[in-house]
Every structure is written in structure tokens, then in C-alpha cells.
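Reading through the C-alpha cells given below for one structure.
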Amino acid sequence: MKSAHINANLKVVVMDTDYYSLQSINSYLAWDRRTRVTALAETIDALWAIIAKTSEAEQPDVVLIDADHLGGAVVLGQQIQRLRARIPKVMVLCLSQTVDPALIEAAVAAGARGFLLKNEVRLHIAWAIIHALEQPFIASKGIMRVGETIFMRHHVKASQLPERRQYPELTERIKQAVELCVVKGMPAHLAADEMGISLHTIRSYIKEGYRILESYDETEYPDDMSPQERAFMRLTSFEEDDENEKK
């Protein structure tokens, strides 16, 4: 991924009834400067209140919506249609904890641009959004497995999310150190305590982790991007060749 819309600046609104899920998604998107979370909502009514008071220029480019707790497939479809009517260019992506064919069908029929299982996308959510920019519809692996006939019925070409990029040299200990300090934002001394190693050792792990991540990535990042930002983007990126794309 040498370009990967590196200069994208997408306004994102997240609606999720689970407070902790909402905060996790917010933190993952905050690490990636291509996505800018402009509002968080715990209910559909709160989402519409946010949209109502937002100027046209600041309306979201992307809405992530919790599909599980809106009241069923019919309501989900209605809300997606309403969003698309209110904000014509908005990209609606549905997130779910479970695979429900009725919800998938409602999302597809209403014009959503993707349906993802939370436990499959996790910290890769920003890359999933970027992937969706170039696809008619995106789906995580579990959704693709049960939704293929739905996509065919609605004549939608769905693309399965690529696998996360692999770094063969990244040992489990180095990866753990990078994830603690970069993904979770833990100070080095606390991460060292967590891993039961010295501060000197964890710093050497982080340095080596950055080197490994950089050696596998040819993306040209902005000059003002911090090493932590680059490490997060590299650690959460997808494989360059999407061999899983489905019709």
C-alpha cells in the first residue's frame, strides 16, 4: 500500500450503544490522522441530534453505526436510508457483534457501504474505512461467509477485508512491547513492569519494532507524522494484495 489515501481527512461520527466499544473505536480512529472523529453517540436519537445541530460543511463523511441494538432489520434499514437522504454522500458502515443475515440484508438493501464484525476489525477500523473508499461494499470474513448469497441477490460486489499485514521478523515479545506503548499508549516504564522486563530492554524492543515495521512498508508518510503514528498505521495495516476480494 504505497499511497492508501494517506492524505485523506474523513469526518467520522460513531454511534454505538456499548460505551466501552464506543471509546475503543474512538481511540483507534484518533491514532490515524486520515479519520477525524467529530462526535460520539450512544443512541440513535443522540446521533440525529448531533446531525441536526451540525452545519452542512461539517456533516460526517462516514457514519459507523451499531447494527445490533436499533430494534431489528427494518429499523436498521430505515435509519441507513434516512442518513443517506439527509447526507447524500455519507458512507454508512455497520458494526455488529454477531452474524445476523436479516441485518446484513437490510444494510445492503438500504445502501450501506459495509458490514463488519467488531471482533474481526478491531484496531484495523481506520484501514477498513479507507478500504471502503474504493469498494462498493466491504465485509469482514464472518460476514462474507454468510452474506455471499445476499450480495448476489442484490447485485452488490462485496470485497472482503484483506488480512492484516504480516511482519515475519516481529517476535511476540517485540510485538507486545509495541502494542502496549503504541496501541494502548502505555508509558514505557509501565509497559516494562507489565512485561516483567527492564526499562532499557523495552526501549530496545520498541526501537527494533519500529525498524522491522518500517522495513516492510514503502508508504510515504507526511514528514510531521510521529514515529508512534507511523508504527500504529503499519501495525494495523492490511496486506497489499487483496486476494480475498469476492464478487
With respect to the numbered conditions (1) surrounded by fewer than 21 Cβ atoms within 10 Å (Cβ to Cβ); (2) more than 23 Å from SER27 (Cβ to Cβ), which one is the sole condition not fulfilled by ASP68? (2)
State the number of residues belonging to the range 160-175 that are crowded, with 18+ Cβ neighbours inside 10 Å and in a helix (DSSP H, G or I). 1
Going by the conditions given, is ALA46 surrounded by fewer than 16 Cβ atoms within 10 Å (Cβ to Cβ), in contact (Cβ under 8 Å) with a residue 24 or more places away in the chain, farther than 30 Å from TYR221 by Cα and not β-branched (Val, Ile, Thr)? yes
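Please tell me if ILE104 is touching a Cys at 6+ places or on another chain (Cβ under 9 Å) and part of a helix (DSSP H, G or I). Please lay out each step first, then the result.
Working: touching a Cys at 6+ places or on another chain (Cβ under 9 Å): yes; part of a helix (DSSP H, G or I): yes.
So ILE104 fits the description; yes.
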Log entry, pairs with first residue in the range 67-88 being under 15 Å from MET15 (Cα atoms), second being surrounded by fewer than 14 Cβ atoms within 10 Å (Cβ to Cβ), beta carbons closer than 7 Å, six or more apart or on different chains, reads ASP68/THR98
LYS118: passes all of (1) at pLDDT 95 or above; (2) closer than 26 Å to ARG165 by Cα; (3) out of contact with any strand residue (DSSP E or B) (no Cβ under 9 Å at 6 or more places or on another chain) but (3)
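Yes/no per residue for (1) outside any strand (DSSP E or B); (2) charged (D, E, K, R); (3) without any contact (Cβ under 8 Å) to a residue 12 or more places away in the chain:
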position: ALA177; (1), (2), (3): yes, no, no
position: LEU180; (1), (2), (3): yes, no, no
position: ALA192; (1), (2), (3): yes, no, yes
position: HIS200; (1), (2), (3): yes, no, yes
position: ARG203; (1), (2), (3): yes, yes, no
position: GLU208; (1), (2), (3): yes, yes, no
position: THR219; (1), (2), (3): yes, no, no
position: GLN228; (1), (2), (3): yes, no, no
position: MET233; (1), (2), (3): yes, no, no
Scanning the range 150-201 for residues that are over 20 Å from the mean Cα position of the chain (by Cα), farther than 30 Å from ALA109 by Cβ and aliphatic (A, V, I, L, M) gives LEU170, ILE174, ALA177, MET186, ALA188, LEU190, ALA191, ALA192, MET195, ILE197, LEU199
Just for helices (runs of 4 or more DSSP H) wholly inside the range 1-93: which have at least 1 residues that are charged (D, E, K, R) and at pLDDT 95 or above? 44-53, 73-86
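Please find, within the range 98-112, the residue that is farthest from SER140 (Cα to Cα) out of those that are surrounded by fewer than 15 Cβ atoms within 10 Å (Cβ to Cβ) and modelled with pLDDT of 95 or more.
Let us first name the residues in the range 98-112 that are surrounded by fewer than 15 Cβ atoms within 10 Å (Cβ to Cβ), namely 98, 101-102.
Checking the rest, the ones that are also modelled with pLDDT of 95 or more come to 101-102.
Working: PRO101: 14, ALA102: 16 Å.
My answer is ALA102.
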Of the residues VAL156, VAL146, which is exposed (fewer than 14 other Cβ atoms within 10 Å of the Cβ), in the same structural domain as PHE115 (by TED's automatic domain parsing) and either of a type in the set (A, V, I, L, M) or under 17 Å from ARG122 (Cα atoms) (or both)? VAL146
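The values are calculated or read from the model by the stated rules, or taken from the named source; none is laboratory data. If you're wondering where the values come from, they're calculated on a predicted model, not measured in any experiment. Positions of Cβ are backbone-derived with ideal geometry, glycine not excepted, and every protein chain shown enters the neighbour counts.
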